[in-house]
Amino acid sequence: MSGDTSTQDGNGTAGRVIRIGTRKSQLARIQTDSVAEKLKELNPNVHLEIVGMSTIGDKILDTALSKIGEKSLFTKELENALERNEVDLVVHSLKDLPTTLPPGFTIGAVLKRENPHDAVVLHPKHAGKTLETLPDKSVVGTSSLRRAAQLKRRFPHLEFKDIRGNLNTRLKKLDEKDDYAAIILATAGLRRMGWDSRVSQILGPEDCMYAVGQGALAVEVRARDRDILEMVSVMHDHDTVLRCIAERAFMRQLEGGCSVPVAVHTEIKDLQLYLTGAVYSLDGSDSLKETMQTSIEPGNEVEDEEVDASVQRVGVTASNVSRAAQDAAEKLGVELAKLLLSKGARDILTVARQLNDAR
């Protein structure tokens, strides 16, 4: 990315040391480094310092994520550091961020989305196969209720088992033992790690829709820090912002989270935003799925000169994206969730939560 640094340094950050909070995992560092590079390119006079820390989700590795019962598994410690002014901004995988942020925080940038779909990584002895052609009773590793519910429904000949740990750990568990025939991981993470060669199959929406915000990076800041907010807002990707606002609004209206199987698929074509959303029972036998669309044509509003963090949509502040389009995206997510709820989604999700809690 490029820009006129004379104007961009005019936000009051020139010469300052900006501290960026991140998780310590290799993938988190790669993602944070990529954001830091963009910021440095846009603001050459700013000094950046990266601060790594561990989160609850990084520390508890022997329990399924859906069982820990904490909404901010991978974000809480980072947000605590932001609140204490120990860091100035935090880089997250957007799918880790709850749809309601703590007071005083906002998502100041949603970067261009990497491929949001899930990928199959096969054990070397199954090279050349797909989920369809794996032998009966093959065990597939995934820690995601969303993935397991959809794939149980689509591939009933397979068995699914929890697998935890960062990408490196999960790949090691796959390669060095015979416990799993394959594991399911986010394509985006594998690509960012430079491990494209490990992707055996990318799952399309007919096999497995993705998590809300999957594949997108988010920069969280203190809402009161106008200069930081202005500095990071330049990194917003227009289409990714609108898609993720719709997805997050859908999730928030459903009151979903990692303890229930909720999945989405979005695309933008000819100024139309399409959102498909679905809810599943834990075993995938019961589901509801619908698609809606809306126009995201920009309105006639005059763009604000200043970034105003008081105007948020599902935690996102994006003054450089048409307000009319953001409103339409948010409404689309809400309306699709209401449609599914009217058809019985709440019952499916309630049972899924109860069964998950009892496991």
- request: Among the residues of the stretch 116-142, write down those that are among the acidic types (Asp, Glu) and open to solvent by 10 Å² or more (accessible area, probe 1.4 Å).
  value: Glu132, Asp136
message: What's the number of the only condition in (1) surrounded by 19 or more Cβ atoms within 10 Å (Cβ to Cβ); (2) free of Cβ contacts under 8 Å to residues at least 60 places away in the same chain that Arg113 fails to meet?
response: (2)
message: List pairs: first residue in the stretch 28-45 and more than 14 Å from Val234 (Cβ to Cβ) and crowded, with 19+ Cβ neighbours inside 10 Å, second residue of a type outside the set (A, V, I, L, M) and modelled with pLDDT of 95 or more anywhere in the structure, Cβ distance under 7 angstrom, at least six positions apart or on different chains.
response: Gln31/Arg192
- prompt: With respect to Ala223, is the statement that it is under 25 Å from Ala278 (Cβ atoms), touching a Leu at 6+ places or on another chain (Cβ under 8 Å), of a type outside the set (Phe, Trp, Tyr) and in contact (Cβ under 8 Å) with a residue 24 or more places away in the chain true?
  reply: no
- request: Please specify each residue of the stretch 192-230 satisfying the condition of being touching a Cys at 6+ places or on another chain (Cβ under 9 Å) and either hydrophobic (A, V, I, L, M, F, W, C) or open to solvent by 20 Å² or more (accessible area, probe 1.4 Å) (or both).
  value: Ala211, Val212, Ala216, Ala218
task: Hey, can you tell me all the residues within the stretch 215-257 that are basic (Lys, Arg) and in a loop (DSSP other than H, G, I, E, B)?
output: Arg224
- line: When every residue in the stretch 271-291 that is β-branched (Val, Ile, Thr) and out of contact with any Phe, Trp or Tyr (no Cβ under 8 Å at 6 or more places or on another chain) is compared, the one least open to solvent (accessible area, probe 1.4 Å) is Val279
query: Does Ser233 fit the bill of being of a type in the set (S, T, N, Q) and open to solvent by 40 Å² or more (accessible area, probe 1.4 Å)?
result: no
- request: Considering only the stretch 89-108, state which residues are closer than 12 Å to Val219 by Cβ and not in a loop (DSSP other than H, G, I, E, B).
  value: Leu89, Val90, Val91, His92, Ser93, Leu94, Phe105, Thr106, Ile107, Gly108
- request: Evaluate the stretch 330-351: report whether one residue or more is acidic (Asp, Glu) and either within 22 Å of the chain's Cα centre (by Cα) or buried (at least 16 other Cβ atoms within 10 Å of the Cβ) (or both).
  value: yes
Among (1) closer than 29 Å to Gly333 by Cα; (2) surrounded by fewer than 20 Cβ atoms within 10 Å (Cβ to Cβ); (3) not charged (D, E, K, R) - the single one Leu171 does not satisfy: (1)
message: Which count do you get for residues in the stretch 19-38 that are of a type in the set (A, V, I, L, M, F, W, C) and at pLDDT 95 or above?
response: 4
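The values are calculated or read from the model by the stated rules, or taken from the named source; none is laboratory data. Just so we're clear, the structure is a prediction, and the values are computed from it rather than from any experiment. We place every Cβ from the backbone using ideal geometry, glycine too, and count neighbours over all the protein chains shown. Just the protein is used for accessible areas: all its heavy atoms, side chains included, with ligands, DNA and RNA removed. Shrake-Rupley method; radii C 1.70, N 1.55, O 1.52, S 1.80 Å.
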